[in-house]
Amino acid sequence: MEEIFLEPHHHFLVRAKYLLTLESPPLILDGAIHIKDQRILSLGSFKEIEKEVCGAKFIDLEDLILMPVLTNAHLHLELSALRFRIPPTGRFILWVRQVIKRRSELSPIEIKESINFAIKELLREGIGIVGDVGNSALSLEPLLQSPLSGYLFQEIINFKGDRISLSPLEEFSKRIKLTYSPHAPYTVSPLLIQAIKAYTRKRKRLFTIHLAESQEEIQFLRDGTGPIAALLKERNQWNESFSPPGISPVKYLDSLGVLDENTLAIHSIHLTEEDFEILSKRGVKVCLCPRSNLYTGAGFPDLPRFLKYGIKLCLGTDSLASNDRLSIFEEMKTLLNFYPSTDPLLILKMGSVEGAKILGFEEYGTLREGAFANFLAISTSQPLTEKPPHFYREFIFVEKEVKYRFYGNY
């Protein structure tokens, strides 16, 4: 993979056989992108764009496919050292216990080295925007030193309700936003969940939380029993003042007033019809992590129902403790295998431009005039049918390789 870091003085005209904008029109044959001062001046058919360009260096990428960088909207870089150390399981809570045990055995050096390797993997997989969740700041420096953009969510786990200071997080780059996030409804006290939401509202940051991921979570919020209650007591995190709300995780968070258009719910597998209605009404976005859900035994997201309710979706890989790759293309492939009647263009958007918009990095992850020139040039192992929607479906399933990456924001 060749990386091209664009400087303010660079002026390029880049042509390729396919321009996969994923916007309108989503696919342009014999397309071109005109770049100046790190941003896209124009894009469209090569014949039309060529007429308006003067003095630009011409790059002909021949049969390659140009498309926006991908967005991995949910991952845990700190757990990258656990790849292949935790086997797939049919019970979510067993996986959780293994993560806690194995994570405690890792040294800071091992964690940091694995983060650096994971970031290299993300770049090879064509990912340019991330939503990283961490319990420490070990991934901050590697993210700042990389060409990636996105969020580092400082995750809080505190169900006991002890006082915790939400001191303002200093941001070092426009490319990496920092904020707090509660882990889940069953690991953070209700008052603390509300405090974190207040923090993100005040600073206009995204509020993200694992939600309705497992049956154990459903049971715990219903009656306060089960393996989650046992784990909290075992780890001295039980809150004696906690009273089970007796409702679904979605209704519980809604009762706390934290669900709105700036909320990103992660996983959201075990939902009732009323839950879908609430998520849709509040404008909540959802990040699906299908391969991780299969790995942990948590279940599988109901994609058709999300689409029915018009809920905006993005994709994530979760951690290498519950996945063998950090590939958004593999997540797309898995979703389309489960739901073959789904429009493949929708799934491509979920893993790229929609994820960029949800994280608030639209100008970093879309092919539009004025956006940063962050895009990929991809080769495929075999020719594709040029007529949509066959092109999109074949593109998701065919073997691909990122040949070039253009960075307009580094």
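Side notes on the structure shown:
- Across segment 124-167, the volume of the C-alpha convex hull divided among the residues equals 91 Å³ per residue.
- Taking a ≥ b ≥ c as the square roots of the Cα gyration tensor eigenvalues, segment 180-328 comes out rounded, since a/c falls below 1.5.
- In a fully extended conformation the segment linking R222 and S165 would gain 17.6 nm over its present Cα-Cα distance, using 0.36 nm per residue.
- Fraction of the pair-distance distribution of segment 164-214 above 15 Å, Cα-Cα pairs, percent: 48
- What you get for segment 151-220, charging only the Cβ of Lys and Arg (+1) and of Asp and Glu (-1), is a dipole of about 580 debye around the Cα centre.
- Taking amide hydrogens as placed 1.01 Å from N in the peptide plane, the amide H of G131 sits under 5 Å from those of N72, A73, H74, L75, Y151, each at least 5 positions away in sequence or on another chain.
- For the chain, alpha-carbon Rg over 2.2 N^0.38 Å: 0.99
- Label-to-label distance, nm, for residues given as K308 and S381 (7 Å Cα→Cβ offset): 3.6
- In this view, the solvent-accessible surface of R368, computed with a 1.4 Å probe and all protein chains in place, comes to about 90 Å².
- Of the DSSP H helices in the chain, those with a Cα length along their own long axis of 15 Å or more and a mean Kyte-Doolittle hydropathy reaching -1.0 comprise 92-104, 108-124, 190-203, 328-338.
- For segment 1-97, a crude dipole built from +1 on the beta carbon of Lys and Arg and -1 on the beta carbon of Asp and Glu, taken about the Cα centre, is about 640 debye to the nearest 20.
- Gain on full extension, evaluated as 0.36 nm per residue between K204 and E121 minus their Cα-Cα distance, stands at 26.8 nm.
- Under the combined filter of DSSP loop state and at most 14 neighbouring Cβ atoms within 10 Å, segment 304-410 retains these GluC sites (Glu not before Pro): E369, E386, E399.
- Listed peptides 12-22, 67-77 by packing density, highest first (mean Cβ within 10 Å): 67-77, 12-22
- Were the residues from R235 through E399 laid out at 0.36 nm apart, the gain over their Cα-Cα distance would be 54.6 nm.
- Where a label projected 7 Å from the Cα of E2 along Cα→Cβ would reach, residues of segment 377-410 with amide N under 17 Å: 377-380, 401-408
- In angstrom, the C-alpha Rg and Dmax of segment 264-303 are 10.4, 31.
- Packing rank of 175-183, 103-111, where each peptide gets the mean count of other beta carbons within 10 Å, highest leading: 175-183, 103-111
- Using only alpha-carbon positions in segment 315-410, the gyration tensor eigenvalues give semi-axes of 22, 18, 15 Å once each is multiplied by 5 and square-rooted (largest first).
- Segment 1-74: C-alpha gyration tensor shape, a/c 1.5 cut-off, then a/b vs b/c: oblate
- Size descriptors for segment 309-348: radius of gyration and Dmax over Cα atoms are 11.1, 31 Å.
- Distance from segment 290-349 to segment 140-193 (C-alpha centre basis), Å: 24
- Applying 1/(1 + (r/R0)^6) with R0 = 41 Å to the Cβ-Cβ distance of L294 and S42 gives a FRET efficiency near 0.45.
The values are calculated or read from the model by the stated rules, or taken from the named source; none is laboratory data. Note that this is a predicted model, so its numbers are computed, not measured. For neighbour counting, all protein chains shown are included, and Cβ atoms are generated from backbone atoms with ideal geometry for every residue, glycine included. Calculation scope for accessible area: heavy atoms of the full protein, side chains included, ligands and nucleic acids excluded. Shrake-Rupley method; radii C 1.70, N 1.55, O 1.52, S 1.80 Å.
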